[in-house]
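Input: a single structure, listed below in structure tokens.
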Amino acid sequence: MAMGYTTSKEVTVSDKRVVFTYWFTFLAILTYIIGYQMLWGKAYLERAPARGTVELKIKGEGFVSNTDGSITVWDEADLVPVALENAAAFVVTNKSSWLNQHRCQSAPRVTSWCSEVNSSVVVEPVFQDDDHRVTIWFRGQASFPTLDSGRMYHSATNNACVLHPAKGFNCFDVPTLARLADSGSSASSRLHQICGLGCIILVNLHWSCDVSETSCHPEFRISRLDTGAQGFNTRAARHFRDGTTSEEKRDLYKYYGMRVLVLTDGQGYKVSIVAIFTQLGSAIGLLSIAAVVADFLLKNLHRIDAKRGDLYKRFKIEEAPNVAAMEDKEIEILEHTLDQLEGKLVDTKAPPASRESDRSDVMYHHLKG
């Protein structure tokens with residue numbers, strides 16, 4: 001036939017090779033759907049990305065040891081001298097000062113800043129101990145408006161700083177944050193390096209929240225960014241005029257310390273009927289692959305078993321005559337032939353080989369002719 005319509009035909013096959021192939025493929029797909037997609041991947045959940053912000057608050061104090069043996073306490077205003085950017089904080093751990101710099105001519109028609117003769121750089125490391133400790137408070141919040149527009153989750157429960165490693169923590173002291181960010185070095189070397197050169201640390205608040213629950217606490221993922229050229233510093237200047245000469249002067253300060261960058265991400269989820277039925281439809285489609293694989297084996301079994309495989313193929317694939325163009329007498333003969341064929345196929349007394357041969361011979365002569 002030049003053109004025709006192909007439809008499916010139900011054939012029951014008891015060949016162990018075909019049966020094994022079908023059920024092995026079926027069970028493998030079913031295991032993938034239930035084990036991987038539903039249990040491991042939790043495909044029955046509807047998910048949405050987190051939308052959130054983080055506010056940083058620096059609390060506590062450090063101290064500087066003076067040459068005379070006294071100490072000078074630095075509070076939050078001294079420890080955070082400059083605001084670098086949003087969603088970030090900078091805590092000073094070391095300070096170098098060039099005091100009373102004045103204008104001087106470094107080249108023709110060019111002036112720059114010069115230090116006083118015999119002046120020295122004032123270095124002031126900022127220390128911490130049990131009585132003087134600096135903490136960074138991460139006040140984060142996240143919402144999932146596509147899942148529940150009216151619910152907001154907060155990292156600061158009861159609006160309080162909870163120090164790591166207590167349950168529900170949202171605060172870190174500077175030494176602990178340095179230790180968590182750079183686990184490859186000893187604690188003493190980390191603190192010494194941070195005090196001298198500074199560092200850049202990324203803190204990621206990762207939310208994974210079931211929106212049916214009333215509370216959710218983020219996971220803090222901490223890493224160090226300045227792994228190549230280590231250290232971080234920034235500068236600031238205070239300009240003034242000499243009270244006696246009215247000469248313009250300045251004090252230059254170079255601050256070393258911990259620069260903390262903050263990100264927030266994650267997702268919310270909830271059980272969804274839509275997601276369940278979507279996966280159910282996908283499962284039905286995937287399970288049909290087992291029949292496709294078994295049919296492929298059935299149609300090509302003659303390649304490995306010529307005698308039996310060809311009979312299976314003849315049972316599976318047949319070409320029907322054009323009944324619409326047949327005369328009434330021809331239709332009656334065909335109906336009678338098919339009735340006889342069906343009777344022979346269900347005759348359990350006849351040997352299997354005889355039934356298969358009869359069926360194929362009758363169909364060949366009457367449907368082909």
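The values are calculated or read from the model by the stated rules, or taken from the named source; none is laboratory data. Please read these numbers as outputs of a predicted model, since none were measured by experiment. A quick note on method: Cβ atoms are made from the backbone with ideal geometry, for glycine too, and the neighbour counts reach across all protein chains shown. The accessibility values were calculated without ligands, DNA or RNA, using every heavy atom of the protein model including side chains. Shrake-Rupley method; radii C 1.70, N 1.55, O 1.52, S 1.80 Å.
Surface composition of the range 103-235: carbon plus sulfur atoms hold 49% of the accessible area, using a 1.4 angstrom probe and ignoring ligands, DNA and RNA. Residues in the range 259-266 carry Karplus couplings, in order, of 9, 10, 9, 10, 10, 9, 8, x Hz; the curve used is 6.51 cos²θ - 1.76 cosθ + 1.60 with θ = phi - 60°, and Gly or Pro positions show x. Annotation for the range 40-72: trypsin sites (Lys or Arg not before Pro) lying in DSSP loop with at most 16 further Cβ atoms inside 10 Å of their Cβ are LYS42. Paramagnetic label reach from PHE296 (point 7 Å along Cα→Cβ; backbone nitrogen cut-off under 16 Å): within the range 7-40, residues 18-29. Separation of the range 104-129 from the range 220-287 is 32 Å, based on Cα centroids. For the range 1-140, the solvent-accessible area of protein heavy atoms averages 67 Å² per residue (probe radius 1.4 Å; ligands and nucleic acids excluded).
Rounded to the nearest 10 square angstrom, TYR36 shows an accessible area of 130 square angstrom against a 1.4 Å probe. Of the listed residues ASP339, ASP75, the order by accessible area with a 1.4 Å probe, largest first, is ASP339, ASP75. For the range 1-88, GluC sites (Glu not before Pro) meeting the loop criterion (DSSP other than H, G, I, E, B) and having at most 11 other Cβ atoms within 10 Å: GLU10, GLU85.
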